[in-house]
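> Take this structure, written in structure tokens, and hold onto it; I'll ask about it next.
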Amino acid sequence: MSCKELERYDRGEMDEAEFMRHAASCPVCRKALQLDEEVMSLVKSLRQPVEASHLWSRIEEVLCEERAEEQQLVQESQVKKKQKSGRFSFRWIFLRFVPAAAALLIVVGIGVYFGLKSSAPSSGLLAQKALARVEKKEQEYMRAIKGLEKQALPQMADLSLDFLFLYRTRLETIDAQIEQCREALALNPANAHIRRYLIAALQEKKETLAEVLGLEDEDTKPRRSI
Amino acid sequence: MKKYSRLMPFLWICVFLVALSSSEANTVFKNKQSRAFSKSASTAPGKTLYIDTYSADLTITTSNENAVTVEAKVEVSDKDEEIVRYFLDETQLFLEPYADGLKLRVSSPMDELRKPGKPPKEGIYRRFYRGNKFVFKLSYSARLTVRIPARHNLEVENAYGNIHIGGVSGNFHVVNRSGKVRLDGCGGELELRNSYGPVEIPVFKGPVSINNPSGEVEVKDVEGDVSVENSYAPVRFNTIGGNLIISSKSGKVTGSNVGGDCEITSSYDEIDVKEVKGRLTIKGPSCKVTAQDIALDAHIENSYSPVFVTRVGGILRIKGGSSAVTADDIGGDTFIRSSYDDIVLSNVRGSAEIEGPSSSVSVREVEGNVTIASSYNSVIVAGVGGWLDVRSQSAGVKASDIKKDASIVTSYDRVEIFGVGGNLRVDGSSTSIKAEDISGDVSTKNSYESVVLHRTSGSIEVHGSSSRIEVGQIRNLPKGSRIELITTYEPVILTLPEDADVVISVLPGGKISSEFPVYHVKSQTQKLDAERAKGGVTVYIQTSGSINIKSNR
């Protein structure tokens, strides 16, 4: 789902106040704002940008949860099927379906074993679903970064030369890393390691921009120059 | 069999359910395949293994045999199963003689794609073209487990993968990008270049050189010199046997226990160093600096952020822009330069020299001399084993317990001195002066504000302008000493010991009352000199205000 106003806002064609008024009546934009806030709060909670281990483990957690949920759904559907067969007497079930239940247990056991085995995080490549999720997270980051850049970059012009140099160099370094990761991903899109480092770089960029916005007035005073 | 024929549909349902339960894995991984490789070749301790890999996780451990053994697993995924198969078929693991040892590399069709320029349009690569557009969705990952003799050199070049080397001793040259590098329990000599990934060296017997821009660095238990270069990620260290040099652009640097000298450069973040057995040098503009337990000299340069220094065995030099400085327990001389923020110094066994324009300065217990240059914020000094020299523009100065001479220059504020073992000299226009317990001579120059001198033991010279002068409770008037009290408009009150052997001359402008005989003179040149005093004390008082000379009986 998308909204033309959101696209305009992302392109910088709409100011923040106007967008906020629009978002009040638009569920798509409200959702986008909510996502931004979530990502921002996540960024604030992570102080080790390079590792980004929390973020990654959260993503992995979500993926594992999804797998568990799916397996649970399967198990529930099995239970429902069993319950449907509950109209028969227990004795009937016991006598007639013991072999079937045993077979069911064995087969489900084997299935669960292989299912868990294949979902173990030993693979260096992301599955399609995980990849889609990580790509979505990257897009969320990119959108949040775009929004932050709109505010932070003009503010950087007011910084003292030392701060300006510091943050510009840092952002250039991060941008170079993002670029390198993207180049590597062009030839290796589902490689979990590279995705992880791309997310870390995006997160770090967001954090750096947020840091620029968070600089107190006193910090930007010219006396800061060395 | 017929008996169970009715169960068959249920069994089929079960099979279907099981298939469904693992469907997530099956559907997404259906075109992901892996291939395992294994190679080995003989080697000898002291030889070199060259590793050239990409997107590979490397684990290198030791073996008891004189051989290099490699186990590799290469994973490939793509929508097109045929491509995956082809890719894996074309992937090979090489372990071949090279230079002074062996070279390990993984060769795959990916090598061709990574070359600069457009990929070829032949063979399998043709399948990646949609018309003239190269569309590539294949993904690749490798894991290599390498075992080498415990004493072996390593040259590793990798990117987008983690490297873990454990228990190996030798010369290491490791280059990696965007991956974690960890050397655990290794020794020899390490030169490591990584970027955008953490570097961990928990134990290393030998010198270590790390260049890790944009990546965290943690070094511990290194028996040798350590040099770390990075940009803005944190650097942590602990127990470094040799010298430590950390050069960071704006990263947080923390650690303790350096056997040799320690040199740290960073900016805008925190530098926290403890237990350095050699010299400490910190250059940290806008860094909050904490340094503790430095055996030899410490030299700290920063600006704007606070500096805390405790227990330095040698000389301490702090050059701060406008940093608050707190230093305690310094074994040698101390030099502090800062401005606009508080300077607090205590327990110095050498001398102290402080330059703190616009800083408030507090100095306590210095065994040597103290020199303070400041502008308008307060100066407090207590306990100086040598002399005290304060040069201030307009600071209030409070000093006590100065063993030798004290000299204070200031203006427009108050000077209070209690206990000076030598002479006291105060020059302070528009400054009120109060001095007590001065063992040597007292000389003051001021204007508009009062001068009060109590319990002095030497000559007294007070030159004031519109200053009220009060001198009393004199402890001792040595023979040949003199008292000269000059002011305008304001009264002069002098209380002398009852048995004082004095010759007093006055140039009055107002009312005079004296319990001692006085000589009236018409000009300062006529004042009675020492010859007339015949070994006693000459007293000269001049004011256009009143003069009151009393006896302290």
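> Is there a simple number for the mean count of other chain Cβ atoms within 10 Å of the Cβ of residues in A:181-188, and what is it?
Across the residues of A:181-188, the mean count of other-chain Cβ atoms within 10 Å is 5.
> How many nm separate the modelled label positions at B:Asp52 and B:Arg85, each set 7 Å beyond the Cα in the direction of the Cβ?
Going from the B:Asp52 label point to the B:Arg85 one covers 3.1 nm.
> Which cross-chain or sequence-distant (5 or more) residues have an amide H under 5 Å from the amide H of B:Asp329, H modelled 1.01 Å from N in plane?
For B:Asp329, the qualifying residues are B:Arg311, B:Ser346, B:Asn347.
> Loop-only check: which GluC sites (Glu not before Pro) in segment B:116-171 are DSSP coil with at most 15 other Cβ within 10 angstrom?
In loop regions of segment B:116-171 (DSSP not H, G, I, E or B), the sparsely surrounded GluC sites (Glu not before Pro) are B:Glu122.
> HN-Hα J couplings of segment A:147-162 from phi, Karplus 6.51/-1.76/1.60, θ = phi - 60°, integer Hz, Gly and Pro as x?
x, 5, 4, 4, 8, 7, 5, x, 5, 5, 4, 8, 6, 5, 4, 5
> Taking all protein chains as present, what is the carbon and sulfur share of the accessible area of segment B:272-320, in % to the nearest whole number, probe 1.4 Å?
Here it works out to 49 percent.
> Now for a different question. In sequence order, what are the phi-derived ³J(HN,Hα) couplings for segment B:536-551 according to the Karplus relation 6.51 cos²θ - 1.76 cosθ + 1.60 with θ = phi - 60°, rounded to whole Hz, with x for glycine and proline?
Each residue of segment B:536-551 in turn: x, 10, 8, 10, 10, 10, 9, 6, 8, x, 7, 10, 10, 10, 10, 9 Hz.
> Moving to a separate point now. Run the quick spin-label model on B:Ser466 and A:Arg133: label points 7 Å from Cα toward the beta carbon, then report their separation in nm to one decimal.
Distance between label points: 8.3 nm.
> Given H placed 1.01 Å from N in the peptide plane, which residues other than close sequence neighbours of B:Tyr98 have an amide H under 5 Å from its amide H?
B:Lys103
> Also: What residues have an amide H closer than 5 Å to that of B:Gly396, excluding those fewer than 5 places away on the same chain, when H is modeled at 1.01 Å from N in the peptide plane?
Under 5 Å from the amide H of B:Gly396 lie the amide H atoms of B:Ser378, B:Val379, B:Arg414, each far enough along the sequence or on another chain.
> In the structure displayed, which of A:Lys31/B:Lys252; B:Lys479/B:Lys522; A:Lys146/B:Lys121 lie more than 29 Å apart, Cα to Cα?
A:Lys31/B:Lys252; A:Lys146/B:Lys121
> As an exercise, identify the trypsin sites (Lys or Arg not before Pro) in segment B:271-377 lying in DSSP coil whose Cβ has no more than 14 other Cβ atoms within 10 Å.
none
> Would you jot down the residues in segment B:130-147 that end up with at least 20 Å² less accessible area in the complete protein assembly than in the chain alone, with a 1.4 Å probe?
Checking the loss per residue gives B:Phe136, B:Ser139, B:Tyr140, B:Ser141, B:Arg143.
> Given a 1.4 Å probe and every protein chain left where it sits, what share in percent of the accessible area of segment B:412-546 is carbon and sulfur?
The computed percentage sits at 45.
> Here is a follow-up. Label-point separation (nm) for B:Arg455 and B:Ser546, each offset 7 Å from Cα along Cα-to-Cβ?
Modelled inter-label distance: 2.8 nm.
> Give me the summed buried accessible area for the B-A pair, 1.4 Å probe, to the nearest 100 Å².
4700 Å²
> Just which residues of segment B:191-220 lose 40 Å² or more accessible area with every protein chain there, against their chain alone, with the probe set to 1.4 Å?
At a threshold of 40 Å² (probe 1.4 Å), the residues of segment B:191-220 that become less exposed are B:Tyr196, B:Pro198, B:Glu216.
> Per the helix-only calculation at 222 nm, which mean residue ellipticity applies to chain B, given -39500 (n - 2.57) for every DSSP H run of n ≥ 4 and division by its residues, nearest 500 deg cm²/dmol?
So the helix-based figure for chain B works out to -2000 deg cm²/dmol.
> Just the accessible area per residue of segment B:205-352, please: how many Å² with a 1.4 Å probe?
With all protein chains present, segment B:205-352 gives 35 Å² per residue.
The values are calculated or read from the model by the stated rules, or taken from the named source; none is laboratory data. The structure presented is a predicted model; accordingly, all values stated were derived computationally and were not measured. Cβ atoms come from the backbone with ideal geometry, glycine included; neighbour counts cover every protein chain shown. We work out accessible area using only protein heavy atoms, side chains counted, and drop any ligands, DNA or RNA first. Shrake-Rupley method; radii C 1.70, N 1.55, O 1.52, S 1.80 Å.
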